[in-house]
1. Could you give the semi-axes, largest first, of the ellipsoid that matches the range 46-98, computed as the square roots of 5 times the alpha carbon gyration tensor eigenvalues and rounded to whole Å?
2. Report, as a whole number in µm² per second, the diffusion coefficient that Stokes-Einstein gives for the range 240-353 at 10 °C and 1.306 mPa s using the Kirkwood radius over alpha carbon pairs.
3. Quote to one decimal, in nm, the extra length available between residue 76 and residue 40 on full extension: 0.36 nm per residue of separation minus the C-alpha distance between them.
4. Reported to two decimal places, what Rg/Rh ratio describes the range 140-273 when computed on Cα atoms with Rh from the Kirkwood expression?
5. Could you list 147, 118, 138 in order of exposure, starting from the residue whose Cβ has the fewest other Cβ atoms within 10 Å?
6. Listing 209, 245 from the residue with the fewest other Cβ atoms within 10 Å to the one with the most, what is the order?
7. For an R0 of 22 angstrom, estimate the FRET efficiency from the Cβ-Cβ distance between residue 249 and residue 147 and round to the nearest 0.05.
8. Pull out a ≥ b ≥ c, the square roots of the eigenvalues of the alpha-carbon gyration tensor of the range 70-148, then state rounded if a/c is under 1.5, prolate if not and a/b is larger than b/c, and oblate in the remaining case.
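Read-outs throughout are calculated quantities, based only on the coordinates presented, and are distinct from any laboratory measurement. None of these values were measured; they are calculated from a predicted model. Neighbour counts are summed over all protein chains in view; Cβ atoms, including those assigned to glycine, are modelled from backbone coordinates with ideal geometry.
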């Protein structure tokens with residue numbers, strides 16, 4: 001009799017479990033994070049061609065981020081250059097995986113493109129991205145070939161100087177156009193290059209004289225021989241505050257060439273983007289639990305000794321990394337810039353045809 005009752009109890013328990021299981025599945029619509037990511041591959045979209053600063057930083061993240069994501073998925077980099085980063089931004093916004101298995105590194109200018117760029121070519125809302133974090137606050141520079149027609153930024157106010165650029169919306173195009181309008185420089189902008197690597201080759205061949213809107217990491221990591229062998233000359237820093245390493249070389253800030261408070265205010269607004277020099281985002285429709293897991297993984301990675309050692313070995317600066325919440329608030333603040341300032345900024349960065 002005892003065994004009979006025990007058998008009934010076991011059967012009743014099993015039936016109850018079967019009846020309860022569907023309800024519990026409905027209560028928890030997502031698999032546990034570690035179970036979801038285990039054995040999967042996460043795509044990491046890089047907005048540039050191979051070999052540039054953004055490519056180096058993106059591949060650095062791809063090597064380490066998976067160690068901190070529950071389930072330890074493989075993170076696979078994929079280069080997707082074009083339209084000054086807009087192609088990568090639109091891909092992750094509308095076409096990339098929306099289940100948490102895709103993220104993208106973006107150019108800061110691509111984040112600001114819906115506000116400052118050509119709305120006809122932008123089909124994403126920067127405020128809807130899920131911001132994961134930013135690796136560093138970036139430093140931008142103008143530089144020239146060692147035997148270029150000008151030897152300082154000030155000389156560009158009186159002599160024509162030919163710069164290579166990628167296209168509208170990129171710092172390599174927008175920054176010199178802004179200097180022409182606001183500071184009176186005589187930069188001639190030749191656009192259409194795929195990236196800074198190709199611009200650098202054109203400078204070395206003598207096809208163009210230099211470039212603006214280039215990341216400092218181009219000099220320190222991508223092409224260390226440019227400064228070491230005195231192939232290139234630094235003309236100006238393109239930031240609101242001087243970078244310590246560049247400042248020690250006696251390189252001036254372009255904002256200090258502004259002759260009016262309005263001109264300086266526009267320059268400072270544009271350069272504010274550099275505070276999030278390497279932003280990483282996920283699709284707007286990514287499940288919140290997976291966004292939070294990726295944010296936590298990113299934050300843990302940026303403090304990891306092995307990650308920092310790998311970055312240092314490549315001379316990739318990790319200065320002022322930003323968590324996802326802080327990055328979200330920073331972008332929201334810039335996107336709320338008053339309309340009159342935005343209009344003046346758009347006029348300043350317009351390329352004369």
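1. Semi-axes (√(5λ), whole Å): 21, 15, 6.
2. Values: Rh = 17.2 Å.
The diffusion coefficient I find is 92 µm²/s.
3. On the way: separation 36, 0.36 × 36 = 12.96 nm, distance 1.04 nm.
Full-extension gain reported as 11.9 nm.
4. Working: Rg = 13.5 Å, Rh = 14.6 Å.
So for the range 140-273, dividing Rg by the Kirkwood Rh gives 0.93.
5. Details: 147 10, 118 13, 138 28.
Lowest to highest Cβ neighbour count: 147, 118, 138.
6. Values: 209 23, 245 13.
Listed from fewest to most nearby Cβ atoms, that is 245, 209.
7. On the way: r = 19 Å, r/R0 = 0.86.
So, using R0 = 22 Å, E works out to roughly 0.70.
8. Values: a/c = 2.13, a/b = 1.40, b/c = 1.52.
Verdict is oblate for the range 70-148.
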